[in-house]
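Structure, as structure tokens:
The values are calculated or read from the model by the stated rules, or taken from the named source; none is laboratory data. Since the model is a prediction, treat every value here as computed from it, not as a measurement. Backbone-built Cβ (ideal geometry, glycine too); neighbour counts: all protein chains shown. Please note that ligands, DNA and RNA were not included when accessible areas were found on the heavy atoms of the full protein model with its side chains. Shrake-Rupley method; radii C 1.70, N 1.55, O 1.52, S 1.80 Å.
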Amino acid sequence: YSMIILSSLIRNGNGIMIRTWLIGTSIILLVSSTFASQSVVLGVDGGTESIRACCFDAESGATLGEACAVPYKTSHPKPGWAEQDPQDWYENLGQAVRGAVDSLPSQGDHKFVAICVDTTCCSVVSLDSNYNPLRPSLLWMDARSALQTQEILRKCKGDDALKVNCNGEGPISAEWMLPKVLWIRQEEPEVWEKAHTICEYQDYINYKLTGNMCASSCNAASRWHWDGQECIRKNVDGHPGRPLSMYKTLGIPELADKLPQKCLPMGEIVGSLTSKAAQHLKLPEGLAVVQGGPDAFVGMIGLGCIHAGQLCLITGSSHLHCVVSSKATTAKGTWGAYRGAPLPGINFAEGGQSSTGSIIRWAKNLFGADLDYKTLDDEASLIPPGCDGLVALETFQGSRTPTTDPLARGALLGLTLSHTRAHIWRALMEAVCYGTRACVEGLEAAGHKCEEIVIAGGATRSAMWLQMHSDVTGKRVVVCENADAPLLGCAILASVGVGIHESVDDAVKHMVRTADTVEPHAETAAIYSKLYDLVYSKVNLAVRPVAHAIASLRGGADDELQNGPIISPSLLACDWSDIRGEVGRCMRAGTRHLHVDIFDGCFLDSPYAFTFGPQMVKAIKRCCDEYNSESGEAILDLHLCVERPARYVEAMAKSGGSRFIFQWEAMEGENDKERLSAAIALARRVVESGMKCGVSINPSTAVELIFPLLETGLVDLVDVLAVEAGFGGQLFQDSALSKLKKLVEWRAERPAEVILLVDGGVNAEKAPLVMKAGADIVVVGTFLFNHPKGLRHAVNQLMPP
């Protein structure tokens, strides 16, 4: 008549099974070491430098065996470009998975039930109709589409899809999908036409595994300008959740058909391993392949950050802040919120700091490579909060959020002779934490409340820094047991996809474990709060204009504009028969910035068919060198008003030119867009030759046409012509002043280093007007060389008192 009151089953990671029964008043235990089948999921992390794979217990999330990483090659064809071969991803995936499987304990019966892959986000692949790559992938970090980001912001201003970019104010990163595909459309039209599908690393790998092409809604929501909630709707005609109005405005409506037509949320099954893929991975055919997503955001799952109020803080060389929110609100100074990401039904917003762990490493190297981090931490722990009056700014590499400022720089303020390396070390650590608080406050101001910070990465190795993050932000800081969040996140998604756990929430409860929880110390937190409000925040604001001024010096004492507006003689007006003597007059007058106008007189296809050709430029440079010791090195601005100026770049560089200024109107193309593309290509070629690059515009040309070119950063000077190009002795056209005003306004709104030059018709009457309007350089010809009292007197007459 005995009755079973309680029954339970416990299985550990080594295959030991323990079943217990409570029957009446007796407990019966059955211990079995028969190594019953253990469900195993595979997590794969496709990172920037390598692809890694690891096996996990599908129920508990325990790591089984060891992770296996296989590196792949990244090529950099040009500065700012980064490419990888998609076929390398797939080949190396096979090696990584086979290595992870081979590392499993030999005893036990391992039953593989699913695999899930995360990858870098916005590593863009162009595929033909057979799904073969047409070109190398544009890696996530590839910055070639910087110009396209400006075009998108300009043309699509007001589009709702842009709100995720700081409430529509930008910036848009060149890392994102839309700038990259726009670059392909504009710069590689043949690839665009052949591209049947444009997708990501994520989508390509899943296709290779299953034969099914689909996008991840997390990628699409966070980097494609898609609505992550709408794009996964099923049985809906058209392209739900896609920013079709943006595609139409940008002239690429066909993009809606080129991007994957199917979109699945993370944790849903993409398909099953094909026979070919199973053979490549040495896994069972038909194994479930579950949808993953971007490595960092799958890492949020691996850290258990899936509830509103949780902030995932990924630390390394920089800090990335991702806060889960119930609201899809946006605001200036934040990225997102991304609706339906990382998972359906929730949203998240981002903040970021550019230089965090990198400045700690910089200080360690500065203090001595033989020092270890713990020694420096121990010394700093003896210093009180606030570092005895020393405060630092962590913005060594610019500021991301809540203030986007690429010209921001780091600082140490309050140094005295009593401060030690321990003070500096602690001040830098505190600065990073202050910056994190600023980012958190920016996210909260946008409507995304943060209750706790779940932290991963390098900062977790410093107990002092963990406590400091908690004290400065006033938030609870949580450290997870498994620090490899992306791989564990894949395991969680895989287990949910095949039903081992009912939901991601359920899987997180079983598979994510907390290793440490750090609470803020009330007394220390109060001190830091006062220092943040009264010191750090004020220093941050006060230093910003100084940092911008330093950037505008372009190198400090040797800067060509160090002493304000300068006069640049135009050698077009000098006596060519005595070029050596005329150059000497200019240099003795202190005008080391010489303007050399070059025109092609006979239109021959030769770099030597100039009025001022390379031989004359070389001679002028040689004359200048004779005077360098007494006047400083001369700067030769070569203004080429010629057809097809690109053919003369190398010749002028070899002749000693400092800057190559081309005429905007000489750019070939049937429309402004084509001329812009030609101008960018020429500017890049000039910069690669070692010269600086400038652009000149005729009096009749609208200055707004060159703004997109200036946004690229390739051009550092604008030559505003106040006369028609080609001959001297003309009268000044006042329209140049209005153009100059527009350029000054444009420059004031951007952290751009662009010199403004006015050229032609300037005399004693016009020079003050030009300088007052904002010109950095004033080119003067006839007035200087024909002045009755000599060139030096003419220069002095033009300069303001």
In region 143-164, the residues that are open to solvent by 30 Å² or more (accessible area, probe 1.4 Å) and of a type in the set (Lys, Arg): Arg154, Lys155, Lys157, Lys163
Could you say whether any residue in region 651-663 is crowded, with 20+ Cβ neighbours inside 10 Å and at pLDDT below 85? no
If we keep only residues of region 351-368 that are touching a residue at least 60 places away in the same chain (Cβ under 8 Å) and touching a Phe, Trp or Tyr at 6+ places or on another chain (Cβ under 7 Å), then the residue nearest to Gly170 (Cα to Cα) is Ile359
Does region 65-74 contain any residue that is without any contact (Cβ under 8 Å) to a residue 24 or more places away in the chain, over 21 Å from Arg223 (Cβ atoms), under 25 Å from the mean Cα position of the chain (by Cα) and open to solvent by less than 30 Å² (accessible area, probe 1.4 Å)? yes
Test for Gln186: is it of a type in the set (S, T, N, Q), assigned to a helix (DSSP H, G or I) and under 15 Å from Met266 (Cα atoms): no
Inside region 678-707, can you point out the residues that are part of a loop (DSSP other than H, G, I, E, B) and out of contact with any helix residue (DSSP H, G or I) (no Cβ under 7 Å at 6 or more places or on another chain)? Ser700, Ala702
Which condition breaks for Ser123 when tested against (1) open to solvent by 10 Å² or more (accessible area, probe 1.4 Å); (2) out of contact with any Cys (no Cβ under 8 Å at 6 or more places or on another chain)? (1)
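How many residues, within region 153-169, are of a type in the set (S, T, N, Q) and part of a helix (DSSP H, G or I)?
Looking only at that region, the number is 0.
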Show the residue pairs meeting these rules: Cβ distance below 7 Å; 6+ apart or different chains; first residue within region 234-255 and free of Cβ contacts under 8 Å to residues at least 24 places away in the same chain; second residue assigned to a loop (DSSP other than H, G, I, E, B) and open to solvent by 20 Å² or more (accessible area, probe 1.4 Å). Pro240/Glu230; Pro240/Arg233; Gly241/Asp227; Gly241/Glu230; Tyr247/Pro253
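For the subset of region 708-733 comprising residues that are in a loop (DSSP other than H, G, I, E, B) and at pLDDT 85 or above, which member is most open to solvent (accessible area, probe 1.4 Å)?
Pass one, region 708-733, residues in a loop (DSSP other than H, G, I, E, B): 712-716, 722-733.
Right, trim to at pLDDT 85 or above and you get 714-716, 722, 733.
Values: Leu714: 38, Val715: 3, Asp716: 17, Ala722: 1, Gln733: 65 Å².
Top of the filtered list is Gln733.
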Within region 375-404, how many residues are open to solvent by 10 Å² or more (accessible area, probe 1.4 Å), in contact (Cβ under 8 Å) with a residue 12 or more places away in the chain and not in a loop (DSSP other than H, G, I, E, B)? 7
List pairs: first in region 314-339 and free of Cβ contacts under 8 Å to residues at least 40 places away in the same chain, second open to solvent by less than 20 Å² (accessible area, probe 1.4 Å) and among the acidic types (Asp, Glu), Cβ under 9 Å, 6+ apart or cross-chain? Leu320/Glu350; Cys322/Glu350
Can you tell me which residues in region 109-153 are more than 30 Å from Gln38 (Cα to Cα) and of a type in the set (Ser, Thr, Tyr)? Thr120, Ser123, Ser126, Ser129, Tyr131, Ser137, Ser145, Thr149
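Could you tell me whether Pro189 is surrounded by fewer than 19 Cβ atoms within 10 Å (Cβ to Cβ) and touching a residue at least 40 places away in the same chain (Cβ under 8 Å)?
Criteria not met by Pro189.
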When every residue in region 487-500 that is open to solvent by 10 Å² or more (accessible area, probe 1.4 Å) and not hydrophobic (A, V, I, L, M, F, W, C) is compared, the one nearest to Ser50 (Cα to Cα) is Gly497
